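Worksheet for the structure shown next.
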Amino acid sequence: MQALQIYAGPVARQSIAKNGLRPDDIRTIPAAAGGPKGLLLGAMDRFIFGEWLNGSTQPVDLVGASIGAWRMATACLDQPVAAFERLEHDYIHQHYETTPGQKRPTAAMVSKLFGQNLQAFYAGKVSEILLHPRYRLHVVTSRGRHLLHTEHGLRTPLGYFGAYLTNVVRRKAMGAWLERVVFSKPNAASEGCVSLPFGTDDYRTRQVALSEANFNLALQASCSIPFVLQAVHNIPGAPPGAYWDGGITDYHLHLNYPAASEFAIHSIAGHAMNTGANGSFEHKGLVLYPHFQKSVVPGWLDKSLKWRHHATHHLDTMVLLAPNPDWIKTLPNAKLPDRTDFTHYGNDLAGRVKAWNAACSASMQLVDEFAAWLERPDVSQVQAL
């Protein structure tokens, strides 16, 4: 059975029809939130960053939320293949012991252990990420406003309920409750943030320079699912407040990649934005998106809002790689690894590890098919996104 399906926006499809897909065509790589679902992309990450992109020299923006931020930060390490192998191993083997009668560990416990794991994973290596000669990392987080400004037992559920209702009416209006804060690799020449590779007129946005002082906290915040982990408060160099999972505002990073739009964000912490003389930027090249499904859902609160799952002009320059839904049914439990496996397997760590390892091993088929297609890029095999 064919495992890989390739989708493309109209601009990307025209480019493929003319030139195929070359590593030097790629300017941006997003990486979605989605917890364990991202494990299925580990082999693809090793191929893209350890082999395929080595055939080019252009700068590439890496945009990640939640596990996607962890993946894209790992791509910036000096030895990305070994680092991705470790990420896969560490994520699969993470375990939070529960007591009899306890369905899930406390958010405090998960946050503490997860933070320790991140510290150990990147110990002594943050400078590799900040000084990478090609890759420009952007870590997406969600910062609470008003009721969500600080985490609180009563105000936080009320705040998220308000955010949900507001989001149903209009996604942009949810910015009254939560704002997108992007921690970006600084530009060494200007000591400011590099330009964002997407327009920001869709949603309230701030940008903060990523640094040794805030890297681990920003990454942990980007992975901090509300009520599963605790928020990260008062990150150095960023506005005060509570920071949660970047997937809340940008679940699958349905961002305005092709637009040359006004860089309408707040300059903070004294960092100027590199947006050109007229305050705008122009994005060139294609977006390569290894994803675990066809739909690019804007925000976490949009998961049930099916009318927001369709493609828009924001994805015109995108090439999306996704597993065939019928192939997914051949994986353990006939699905992608996901967070429900933590409760399904409970303290049966060995059972969950076996299932997740099997899914990761099967995902090599995605890489084999993508590599074969790159050798003979048949545009008739590319579906409309």
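S224 versus (1) within 20 Å of P186 (Cβ to Cβ); (2) surrounded by 20 or more Cβ atoms within 10 Å (Cβ to Cβ); (3) at pLDDT 95 or above: which is the lone unmet condition?
With respect to (1) within 20 Å of P186 (Cβ to Cβ); (2) surrounded by 20 or more Cβ atoms within 10 Å (Cβ to Cβ); (3) at pLDDT 95 or above, S224 is out only on (1).
Restricting attention to the stretch 150-198, and to residues there that are in contact (Cβ under 8 Å) with a residue 40 or more places away in the chain and among the aromatic types (F, W, Y), which single residue is surrounded by the fewest Cβ atoms within 10 Å (Cβ to Cβ)?
By that ranking, first place goes to Y164.
Of all the residues that make up the stretch 290-314, how many are within 16 Å of the chain's Cα centre (by Cα) and closer than 26 Å to W373 by Cα?
7
Anything in the stretch 337-352 that is under 23 Å from the mean Cα position of the chain (by Cα) and surrounded by fewer than 17 Cβ atoms within 10 Å (Cβ to Cβ)? List them, or say none.
Matches in the stretch 337-352: D338, R339, T340.
T340 - would you say it is in contact (Cβ under 8 Å) with a residue 40 or more places away in the chain and of a type outside the set (D, E)?
Against the criterion (in contact (Cβ under 8 Å) with a residue 40 or more places away in the chain and of a type outside the set (D, E)), T340 does not qualify.
Might you let me know whether the stretch 347-367 holds any residue that is under 24 Å from A75 (Cα atoms), aromatic (F, W, Y) and either assigned to a helix (DSSP H, G or I) or in contact with a His (Cβ under 8 Å, 6 or more places away or on another chain) (or both)? Working first, answer last.
Our first condition is that a residue be under 24 Å from A75 (Cα atoms); within the stretch 347-367, this holds for 353, 356-367.
Filter once more, so that each one left must be aromatic (F, W, Y): 356.
Restricting the remaining residues to those that are either assigned to a helix (DSSP H, G or I) or in contact with a His (Cβ under 8 Å, 6 or more places away or on another chain) (or both) gives 356.
Checked against the condition, which is being under 24 Å from A75 (Cα atoms), aromatic (F, W, Y) and either assigned to a helix (DSSP H, G or I) or in contact with a His (Cβ under 8 Å, 6 or more places away or on another chain) (or both), the stretch 347-367 yields at least one hit.
Which number in (1) assigned to a helix (DSSP H, G or I); (2) out of contact with any helix residue (DSSP H, G or I) (no Cβ under 7 Å at 6 or more places or on another chain); (3) free of Cβ contacts under 8 Å to residues at least 12 places away in the same chain marks the one condition that H314 misses?
Among (1) assigned to a helix (DSSP H, G or I); (2) out of contact with any helix residue (DSSP H, G or I) (no Cβ under 7 Å at 6 or more places or on another chain); (3) free of Cβ contacts under 8 Å to residues at least 12 places away in the same chain, the lone unmet condition for H314 is (3).
Which pairs turn up if I take residues in the stretch 115-136 that are within 28 Å of R27 (Cα to Cα) and look for partners that are surrounded by fewer than 16 Cβ atoms within 10 Å (Cβ to Cβ) and acidic (D, E) with beta carbon separation below 8 Å, at least 6 apart in sequence or on another chain?
F121/D90; K125/D78; V126/E212; S127/E212; E128/D78; L130/E212
Suppose the filter is of a type in the set (A, V, I, L, M), out of contact with any His (no Cβ under 9 Å at 6 or more places or on another chain) and within 23 Å of H93 (Cβ to Cβ); does A384 pass it?
In short, no.
Look through the stretch 1-21, keep the residues that are within 23 Å of the chain's Cα centre (by Cα) and not in a helix (DSSP H, G or I), and return whichever of them is nearest to T317 (Cα to Cα).
Across the stretch 1-21, the extreme among qualifying residues is G9.
Can you report the number of residues in the stretch 22-76 which are within 12 Å of P290 (Cα to Cα), of a type outside the set (K, R), in a helix (DSSP H, G or I) and touching a strand residue (DSSP E or B) at 6+ places or on another chain (Cβ under 6 Å)?
Here the count works out to 4.
Just one of the numbered conditions (1) assigned to a helix (DSSP H, G or I); (2) within 28 Å of N256 (Cβ to Cβ) is not true of Y91; which one?
The number of the failed condition is (2).
Quick one: is D326 outside any loop (DSSP other than H, G, I, E, B), of a type in the set (D, E) and at pLDDT 90 or above?
When the stated conditions are applied, D326 passes them.
The values are calculated or read from the model by the stated rules, or taken from the named source; none is laboratory data. Everything quoted here is computed from the prediction, not taken from an experiment. Quick reminder, even Gly has a Cβ in these numbers, built from the backbone with ideal geometry, and neighbours come from all protein chains shown.
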